[in-house]
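> Structure below; questions to follow.
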Amino acid sequence: MIRVLVAEDMHVVRGALVALLGLEKDIEVVGDCADGAEILPLAASTAPEVAVIDIDLPGKDGLTAAAELHERLPGTRTLILTGLGSPGTLRRALAAKVGGFFLKDAPADRLADAVRGVAAGRRMVDADLALAAWEGDGSPLTVREAQVLRMAADGSQPDEIAARLCLSAGTVRNYLTTIVVKTGARNRVDAVRIARESGWI
């Protein structure tokens with residue numbers, strides 16, 4: 001029996017994941033939580049073989065929690081679920097030593113198979129995500145988006161960036177929103193960190 005922990009902040013989604021995995025004869029859900037900060041204590045008390053973790057959790061994001069589990073409880077492998085399939089997000093997940101990386105809308109049987117694969121020590125990555133990363137040219141950002149993010153990284157505010165690039169402040173804010181989505185970041189500061197670590201800016 002594969003012992004599984006589920007971490008997902010949306011109650012309906014978490015309930016569905018627990019129910020679907022619970023239907024599998026060889027999988028037992030031993031705990032679930034809605035906050036990233038709860039994952040390590042819950043894993044320490046329930047000893048799951050696999051933690052299925054949403055990438056975007058309150059308290060502590062999924063990749064940070066996964067890296068913490070890898071360091072503190074190496075017997076618990078991690079399977080990250082995401083709604084965003086950007087190559088940059090996949091690279092961050094692999095860097096965090098996760099065992100698997102799947103889209104939230106993957107079919108239930110594929111998710112169960114991914115849990116089994118991760119429990120067996122294999123790295124399970126959604127085929128569509130892997131293909132996107134393989135075909136990507138590195139940075140998901142356009143030249144202009146990278147320019148805007150570099151200026152934001154240096155501390156410039158949207159109105160200052162707009163004045164220097166002869167754009168409207170609204171256009172710059174739109175660029176910054178797009179950058180956060182493309183990099184799979186939580187916010188602008190996180191986007192800067194991801195882009196720098198990836199060599200995109």
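This table checks each residue for (1) modelled with pLDDT of 95 or more; (2) touching a helix residue (DSSP H, G or I) at 6+ places or on another chain (Cβ under 8 Å); (3) in the same structural domain as GLU71 (by TED's automatic domain parsing); (4) not basic (Lys, Arg).
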{"position": "VAL6", "(1), (2), (3), (4)": "yes, yes, yes, yes"}
{"position": "VAL12", "(1), (2), (3), (4)": "no, no, yes, yes"}
{"position": "GLY31", "(1), (2), (3), (4)": "yes, yes, yes, yes"}
{"position": "SER45", "(1), (2), (3), (4)": "yes, no, yes, yes"}
{"position": "GLU49", "(1), (2), (3), (4)": "yes, yes, yes, yes"}
{"position": "ASP56", "(1), (2), (3), (4)": "no, yes, yes, yes"}
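> How many residues, within segment 30-61, are within 12 Å of ARG3 (Cα to Cα), among the β-branched types (Val, Ile, Thr) and crowded, with 17+ Cβ neighbours inside 10 Å?
The number of residues fulfilling the criteria is 3.
> I would also like to ask the following. Pairs only if they're at least six apart or on different chains, beta carbon under 9 angstrom, first in segment 9-30 and in contact (Cβ under 8 Å) with a residue 60 or more places away in the chain, second of a type in the set (Lys, Arg); list them, first residue then second.
The qualifying pairs are VAL13/LYS104; GLU24/ARG116; ASP26/ARG116; ILE27/ARG3; ILE27/ARG116.
> Would you confirm whether any residue within segment 21-31 is out of contact with any His (no Cβ under 7 Å at 6 or more places or on another chain), under 16 Å from ALA108 (Cα atoms) and assigned to a helix (DSSP H, G or I)? Step through it out loud before you land on a result.
Within segment 21-31, the subset out of contact with any His (no Cβ under 7 Å at 6 or more places or on another chain) is 21-31.
Among the residues that remain, those that are also under 16 Å from ALA108 (Cα atoms) are: 21-29.
From what's left, assigned to a helix (DSSP H, G or I): 21-22.
The answer is yes; a qualifying residue exists.
> Still on this structure, please answer the following. Hey, can you tell me all the residues within segment 131-177 that are of a type in the set (Val, Ile, Thr), assigned to a helix (DSSP H, G or I) and at pLDDT below 90?
VAL143
> Given (1) surrounded by 15 or more Cβ atoms within 10 Å (Cβ to Cβ); (2) over 27 Å from LYS60 (Cβ atoms), where does LEU149 come up short, assuming only one miss?
So LEU149 meets the others, but not (2).
> For segment 38-59, which residues satisfy the criterion of being within 15 Å of the chain's Cα centre (by Cα) and more than 15 Å from LEU81 (Cα to Cα)?
Within segment 38-59, just GLY59 meets the criteria.
> Only one residue in GLY121, GLY117 is modelled with pLDDT of 85 or more and in a loop (DSSP other than H, G, I, E, B), so which one is that?
Selected residue: GLY121, the only one of GLY121, GLY117 that is modelled with pLDDT of 85 or more and in a loop (DSSP other than H, G, I, E, B).
The values are calculated or read from the model by the stated rules, or taken from the named source; none is laboratory data. Treat the numbers as computed from the prediction; the structure is a model and nothing was measured. Neighbour counts are summed over all protein chains in view; Cβ atoms, including those assigned to glycine, are modelled from backbone coordinates with ideal geometry.
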